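Beneath this line is the structure, given in structure tokens, with notes to follow.
Bear in mind that the values in this text are calculations on the coordinates, not laboratory data. It should be emphasised that the depicted structure is a prediction, and the values quoted were computed from it without experimental measurement. So basically every Cβ, Gly included, is an ideal-geometry build from the backbone, and we count neighbours across all protein chains shown.
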Amino acid sequence: MDVCLREVHDSDLPVFFRQMSDPESSHMAAFTPEDPLDKDRFDAHWTKMRGSAAVDVRTVLADGDVVGNAAVYGEPGEREVTYWIDRAYWGRGLATAALRELLALVPERPLYARAAADNAASRRVLAKCGFRETARERGFAAARGAEIDEVVLVLDAG
């Protein structure tokens, strides 16, 4: 599949909301909004992200279809990557391709990432893109209603 990134369009937001409302996807991501079905909170979050100079957020397209989003956010020196791919497209290399595209658009380093320790697929995507594990922490995962292990990763310069 041909994967590319583009600016987020208003028409992408209902797709993102549907994707984030999927219980299996939310469980895997773990660190999600407390209520993924709260449309007002979703809308406020996306309005804030799209209006922030500290966030570079993109829509992920696969063969022209909206399949997710990817972003870099945070303060210089502490910026993190995040991505979300529709569950229907898991296992096809789209997350890896999208993250590689995002890393090419945002050349600053270091960049950080976090993943639930048991999310082997996301950890594999990050490793393929050059991230290495630097720490483990515990945090409350709203999608699981419990504190879980989380992996912190970094992508250094060069």
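Here are a few things to note about the model shown:
- Across the stretch 19-30, coupling constants 3J(HN,Hα) worked out from phi with the 6.51/-1.76/1.60 Karplus curve, θ = phi - 60°, read 4, 6, 7, 6, x, 5, 5, 4, 4, 5, 5, 6 Hz, and Gly and Pro carry x.
- Distance cut-off 18 Å, percentage of C-alpha pairs in the stretch 73-156 lying past it: 43
- Each Lys and Arg adds +1 at its Cβ and each Asp and Glu adds -1 at its Cβ; summed about the Cα centre, the stretch 1-69 shows a dipole of about 220 debye.
- Result for the chain in a Gaussian network model with C-alpha springs under 10 Å: among ALA143, ALA104, ALA121, the largest mean-square fluctuation is at ALA104.
- Taken over the Cα atoms of the chain, the convex hull encloses 108 Å³ per residue.
- Cα-based Rg of the stretch 75-124 normalised by 2.2 N^0.38 Å, two decimals: 1.21
- The stretch 9-23-the stretch 102-158 distance, computed between alpha-carbon centres (Å): 22
- In the chain, helical runs assigned H by DSSP with n ≥ 4 each contribute -39500 (n - 2.57); averaged across all residues and rounded to the nearest 500, the mean residue ellipticity at 222 nm is -9000 deg cm²/dmol.
- Farthest toward positive dipole pole in the stretch 1-130 [+1 Lys/Arg, -1 Asp/Glu at C-beta], among HIS9, GLY77, VAL67: GLY77
- Total charge dipole magnitude, the chain, about the Cα centre, Cβ charges on Lys, Arg, Asp, Glu only, Debye to nearest 20: 400
- Comparing VAL15, VAL81, VAL60 in a Gaussian network model of the chain, where Cα atoms under 10 Å apart are tied by springs, the biggest mean-square fluctuation is seen for VAL15.
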